[in-house]
Amino acid sequence: NDFITKEIIIMKKIGIMTMHRIINYGSYLQAYALKKLIENISDAKVEFIDYEFGEVLVDSAGKKSIIEKIHENRTITSYLKKKAFIRNNQKSYELYLQDLGVFEKNYDHAIDLLVIGSDEVFNCMQGHPVGYSKNLFGESYEDVKTISYAGSFGHTTVNDLKKYMIFDEIKAMFNKFAFISVRDNNSKNVLNEMGFEVCKHLDPVLVYDFCKDAKNPSIDIKDYIIVYAYTGRLSTAERKRIKTFAKKYEKKIVSIGYYSDIADYNIVCNPLEVFGYFKNADYIITDTFHGTIFSIKMNSKFCTIIRDSNKNKLNDLLRTLERQDRIAYGIEDIERLYNIEVDFDQTNKIIQEGKQQTIAYLELAINS
């Protein structure tokens with residue numbers, strides 16, 4: 001009987017439904033971290049579950065022509081360099097996904113538990129290709145126990161859900177969740193409005209200890225700053241200011257995972273090398289959620305540029321970790337914050353407390 005019981009426990013399967021296929025080091029590492037966290041507290045087999053794309057509810061910009069793309073990049077050479085970088089990044093990312101156990105699309109329904117999260121899994125106002133994917137709210141898995149961990153509605157608000165008349169539908173889908181966890185106050189407010197009491201937790205990248213997993217950077221660079229921003233999102237004024245700033249302080253500019261025309265090094269690497277690059281950097285300039293997390297996790301000096309598209313999650317993250325002092329409200333703040341040292345003691349205490357809360361939540365949600 002003991003042997004049979006052990007076999008049943010070992011064969012139990014947990015599926016994680018998240019944004020792991022998005023070509024983004026943050027998406028990869030949060031998926032990696034959550035899988036490891038669950039494996040550390042469970043004997044179950046853990047696998048990633050894919051979701052079907054849904055209807056695109058929001059208006060999206062039309063597809064740009066080749067001429068428009070070249071004009072946007074100022075020269076044909078710049079356009080071709082960026083295109084080659086993106087192609088190389090995509091090819092490499094597909095290989096790294098195999099390290100997560102991700103190969104062909106997996107819609108396995110023979111699982112004992114579905115964990116949805118983290119990342120912007122509830123952001124149903126996403127454009128193409130994800131759109132409003134009902135799988136990300138548990139549709140088609142009604143017979144499986146479902147929980148979430150640090151899920152986010154991103155920039156989606158209660159008003160958006162009501163405008164597109166999906167508020168009640170989403171509320172009904174959340175009714176079958178056994179436990180609900182989010183990572184930001186906007187997401188918490190949306191679910192509170194629906195009548196749910198939810199937990200708020202840290203992103204898995206902050207919680208998981210990557211010490212044994214992290215890899216040394218494959219390129220040895222010294223005296224550099226990292227610009228970690230989505231390709232093409234930095235304005236002309238921002239790029240010009242950063243370039244002038246780097247030259248003044250005799251720093252090389254490194255862009256990791258995204259192409260930047262002002263970078264001395266545009267790097268495609270194993271996602272587990274990212275921490276090393278951030279740790280060794282003299283300064284990080286970012287406008288992304290996970291770029292901010294990588295900086296804080298490595299206790300590296302950084303500044304975060306907040307935009308309308310990410311203000312919900314970034315303001316909440318920095319407020320939670322008591323790091324609002326690192327917000328760059330204007331391009332002049334990029335240099336000002338470089339000259340201010342950062343004491344991470346209080347932030348590290350908050351993260352440590354968050355780790356304990358995460359483990360307690362996952363143990364309860366998975367085993368009850």
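The values are calculated or read from the model by the stated rules, or taken from the named source; none is laboratory data. The shown structure was predicted, so the numbers you read here are calculated from the model rather than taken from an experiment. Because the Cβ atoms are built from the backbone with ideal geometry, glycine has one as well, and the counts that use them run over all protein chains shown. Surface areas here come from the heavy atoms of the whole protein model, side chains and all, with no ligands, DNA or RNA. Shrake-Rupley method; radii C 1.70, N 1.55, O 1.52, S 1.80 Å.
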Filtered hits (aspartates and glutamates, Cα-Cα < 13 Å from Lys171, offset >= 8 within chain) -> Glu139, Glu193, Glu197
Most packed first (mean Cβ within 10 Å per residue), the peptides 35-43, 208-216 order as 35-43, 208-216
Between Ile221 and Gln357, the two model label points (7 Å from Cα along the beta-carbon direction) sit apart by a distance in nm of 3.5
Result for the chain: accessible area per residue, probe 1.4 angstrom, in square angstrom, of 48
Cα extents of segment 285-368 along the principal axes, largest first, in whole Å, come to 51, 29, 16
Measuring from its Cα centre, segment 229-326 shows a charge dipole (+1 at each Lys and Arg Cβ, -1 at each Asp and Glu Cβ) which, in debye to the nearest 20, is 240
With the dipole of segment 217-368 defined by +1 on each Lys or Arg Cβ and -1 on each Asp or Glu Cβ, the option from Leu314, Tyr277, Thr231 whose Cα lies farthest towards the positive pole is Thr231
Amide H neighbours of Met17 at under 5 Å, excluding residues fewer than 5 places away on the same chain, with H built from the backbone geometry, are Ile49, Val115, Ile116, Gly117
The rounded separation in angstrom of the Cα centers of segment 77-115 and segment 165-232 is 19
What the 5 Å binned alpha carbon P(r) of segment 146-202 shows, as percent of pairs per bin from 0, is 5, 20, 32, 28, 12, 2
Over all viewing directions the Cα convex hull of segment 214-277 casts an average projected area in nm² of 4.0
Expected max-MSF residue from Lys91, Lys251, Lys311 in the GNM of the chain (alpha carbon, under 10 Å) is Lys91
P(r) over all Cα-Cα pairs of segment 11-51, 10 Å bins from 0 to the longest distance, whole percent per bin, short to long, reads 31, 53, 16, 0
Set Lys222/Lys313; Lys162/Lys311; Lys12/Lys297; Lys35/Lys188; Lys36/Lys313; Lys83/Lys222, cut-off 30 Å on Cα-Cα distance; pairs above it are Lys222/Lys313; Lys12/Lys297
D (µm²/s, integer) via Stokes-Einstein for segment 193-347, Kirkwood Rh across alpha-carbon pairs, 10 °C, 1.306 mPa s: value 98
For the chain, the charge dipole (Cβ of Lys, Arg +1; Cβ of Asp, Glu -1; about the Cα centre) points to a positive end, and the Cα of Ala110, Asn266, Gly154 closest to that extreme belongs to Asn266
Taking the convex hull of the alpha-carbon atoms of segment 163-270 and averaging its shadow over every direction gives an area in square nanometres of 11.1
With no solvent term and unit scatterers on the alpha-carbon positions of segment 252-327, Debye gives log₁₀ I(q)/I(0) at q = 0.12, 0.21, 0.27 Å⁻¹ of -0.32, -0.96, -1.33
Relative contact order as a percentage, the chain, C-alpha pairs under 8 Å and 6+ apart, gives 16
Given unit charges at Cβ for Lys, Arg (+) and Asp, Glu (-), the dipole magnitude of the chain about its Cα centre in debye, nearest 20, is 1320
Taking the dipole of segment 182-309 about the Cα centre (Lys, Arg +1; Asp, Glu -1; charges at Cβ), the one of His290, Ala246, Ile221 that reaches farthest to the positive side is Ala246
Quick numbers on the chain, Rg and Dmax over C-alpha atoms in Å, give 20.9, 72
With a 1.4 angstrom probe the carbon and sulfur portion of accessible area for segment 287-360, in percent, totals 45
